[in-house]
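Novice: Okay, here's the structure, questions in a sec.
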Amino acid sequence: MTIALPTRWRSALPHLTTPMPPDVTPATAAAGTGVGVNLPMELVRQSVLEREYWDIPKEILAAYRQFRPTPLWRATGFERAIGSRVPVYMKYEGGNISGSHKLNTALAQAYYYQQAGVKELVTGTGAGQWGTAMAAACALFGLRCRVFMVDSSLRRKPYRGVLMRMLGAEIHSSPSGLTGVADRRGEGIGNSLALAIGEAVEYASTHDGVAFCIGSGETYSILHQSVIGIEAQDQLADLDATVDMVVGAVGAGSNFGGIALPFHAGARATGTQGPTLVAAESATAPKLTRGVYAYDKTDATGTGPLEAMYTIGSDYPIPDAHSAGLRFHGAAKIISAMRHTGDIAATAVTQQEALDAGRLLTRNECVLPAPESGHALAAAAKLATSGADGMRAQNGVLVCVSGHGYLDLAAYEQLLNDELGDEAPSEQALMSAVSGLTPVGQDASSPPRGSLLSAGGPLGGPR
């Protein structure tokens, strides 16, 4: 059977256990300080309407056809290497110019912004996959593109910058010295994705014809990624395969949401028991496993609305690591809402575990994954063997390999040379970083009433 390219995105909004908490404007925001991002109305609708299916415009479908559907296969070599008890299926998103799943929403966003009359898109990127995807999408739809990339990541992966420039984008390492938010942050914070995003937000707000765009945390970007899970459902059916665990890596949540949420929507729509949805996050940024459900900033400017999210604190200095795409302080609000109601499970993976899993995939499947994808692979390996955090697969595991690692060879070189380090946040550091936040359920438009922790928001897990 030939798997067809999906012609509609599928939203999980109609199938949430409880509605997402609304965004709030902080009491500390001065009049006129909000950032206008010129968000096209169709993206607004996709974020708030409880419509299950959204037709994909023909212009976006034409671009998707260059690389979709993406392959899914049973990874028997990986199974043997880990001693798996159950089948493990891989869904691979690395076969496009961006090298990752990010192109699915980049193309959609560039199309909608172009239709709205925007001339230039500006964004922040961690590992560089999103910046590359946005540069490619802007090139296809005739927009200028500007990218602020986390400095430590750009220094490690300079060819990411070259590729973006080949696509016509202008690249700035962050902190760049071009924005006020960078000037106010001091030294030693070049590993902060929140800062890179904040610089992009500020730049867009001070230049005409320019709009800020973001690739992971927004509800519409997760909607666009649903093509991954929709294809995977058809491909598994074609193989007459059943899985009871679906795994994806989580930075803010677009890759995980793309592979997992269509399974949730399908189960809710039919009244059946769906697979367990497992978010694999970095142990250096453990918002879903050690964070709190509270209102927090989405970027370093703090000028936008506060969102309800699982967070380790937007001001927490996340330790440097090779998986820059996962080093974000909070999870997307739809992912956080589902975590809070127990519809999503989570596990944290160390850098060593992630790159070890990447090495196993490379040797046994001849696929070199990005370090971010290595987190999902490590989690899948545990679920398929001894179990992880009380979870163990009984029928099969589906894992999304969200991108390739050909521009991450420096990380793998450190692995091969036994030079990797790992640094997880201490409990004291996490408690300090979230102590001023307001728990979901309290009035977030007012200053916090004491410590989040003393207010009933203990660190770790959903309610």
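The values are calculated or read from the model by the stated rules, or taken from the named source; none is laboratory data. This is a predicted model, so every value here is computed, not measured. Note that each Cβ is placed from the backbone with ideal geometry, even for glycine, and that neighbours are counted across all protein chains shown. Side chains included, ligands, DNA and RNA excluded: accessible areas come from the protein's heavy atoms. Shrake-Rupley method; radii C 1.70, N 1.55, O 1.52, S 1.80 Å.
Novice: Kindly report, to the nearest 10 Å², the accessible surface of residue 102 as traced by a 1.4 Å probe over protein heavy atoms only.
Specialist: 30
Novice: Here's a follow-up. Rolling a 1.4 angstrom probe over the protein chains, ignoring ligands and nucleic acids, what is the accessible area of residue 270 in square angstrom, nearest 10?
Specialist: So the heavy atoms of residue 270 present about 90 Å² to solvent.
Novice: In angstroms, what radius of gyration and Dmax does the chain have, counting Cα atoms only?
Specialist: Spelled out, the Cα radius of gyration and Dmax of the chain are 20.3, 60 Å.
Novice: Considering the dipole of the chain built from charges on the beta carbon (Lys and Arg +1, Asp and Glu -1) around the Cα centre, which of 312, 49, 203 is farthest to its positive end?
Specialist: Going by the Cα projections, it comes out as 49.
Novice: Ranked by accessible surface with a 1.4 Å probe, highest first, in what order do 59, 120 come?
Specialist: Highest to lowest solvent-accessible surface, that is 59, 120.
Novice: Could I ask something else about it? So for the chain, averaging the separation of alpha carbon pairs under 8 Å that are six or more residues apart and normalising by length, what relative contact order in percent results?
Specialist: 20
Novice: If you take the square roots of the eigenvalues of the alpha-carbon gyration tensor of the stretch 270-413 and sort them as a ≥ b ≥ c, do you get rounded (a/c under 1.5), prolate (a/b over b/c) or oblate?
Specialist: Oblate is the answer for the stretch 270-413, as a/c is 1.5 or above yet b/c matches or exceeds a/b.
Novice: What full-extension length gain, to one decimal in nm, is calculated for residue 241 and residue 417 as 0.36 nm per residue of separation minus the Cα-Cα distance?
Specialist: 59.5 nm
Novice: So, one more: Roughly how far apart, in whole Å, are the Cα centres of the stretch 204-225 and the stretch 146-177?
Specialist: The stretch 204-225 and the stretch 146-177 have Cα centres separated by 18 Å.
Novice: Would you tell me the accessible area of residue 309, worked out with a 1.4 angstrom probe on the heavy atoms of the protein chains, in Å² to the nearest 10?
Specialist: 10
Novice: Could I ask something else about it? For residue 366 paired with residue 165, estimate the spin-label separation in nm (one decimal), with each label point 7 Å from Cα along the Cα-to-Cβ line.
Specialist: The answer from the label model is 3.4 nm.
Novice: Which order do you get for 306, 277 if you rank them by accessible area with a 1.4 Å probe, largest at the top?
Specialist: Highest to lowest solvent-accessible surface, that is 306, 277.
Novice: Given the pairs 91/287; 102/287; 119/157; 119/297; 119/287, which are separated by over 31 angstrom at their Cα positions?
Specialist: 119/287
Novice: Take the stretch 1-148, compute every pairwise Cα distance, and split them into 5 Å bins from 0; I just need the percent in each bin.
Specialist: Values per bin, smallest distances first: 2, 7, 13, 15, 16, 17, 13, 8, 5, 3, 1, 0, 0.
Novice: Right, next: Counting only other residues whose beta carbon sits under 14 Å from that of residue 93, what net charge do I get with K and R as +1, D and E as -1?
Specialist: Charge balance in the 14 Å sphere: +1.
Novice: Is there a quick way to get the dipole size of the chain? I mean about its Cα centre, with the Cβ of Lys and Arg at +1 and of Asp and Glu at -1; what is the value in debye to the nearest 20?
Specialist: 540
Novice: I would also like to ask the following. For the chain, what does the helix formula give at 222 nm: sum of -39500 (n - 2.57) over DSSP H segments with n ≥ 4, over the residue count, nearest 500 deg cm²/dmol?
Specialist: Dividing the helical sum by the residues of the chain leaves -11000 deg cm²/dmol.
Novice: Equivalent-ellipsoid semi-axes (√(5λ), Cα gyration tensor) for the stretch 186-250, whole Å, largest first?
Specialist: 37, 17, 6
Novice: Something else: Two decimals is fine: what is log10 I(q)/I(0) at q = 0.11, 0.12, 0.16, 0.23 Å⁻¹ for the stretch 62-174, from a Debye sum with one equal scatterer on every Cα and no solvent?
Specialist: Debye curve over Cα of the stretch 62-174, log10 I(q)/I(0) at q = 0.11, 0.12, 0.16, 0.23 Å⁻¹: -0.43, -0.50, -0.74, -1.15.
Novice: Taking a 1.4 Å probe, which of 341, 125 shows the most accessible area, and what order do the others take after it?
Specialist: 341, 125
Novice: May I ask for the Kirkwood hydrodynamic radius of the stretch 134-182, worked out over all distinct Cα pairs and given in angstroms to one decimal?
Specialist: 11.2
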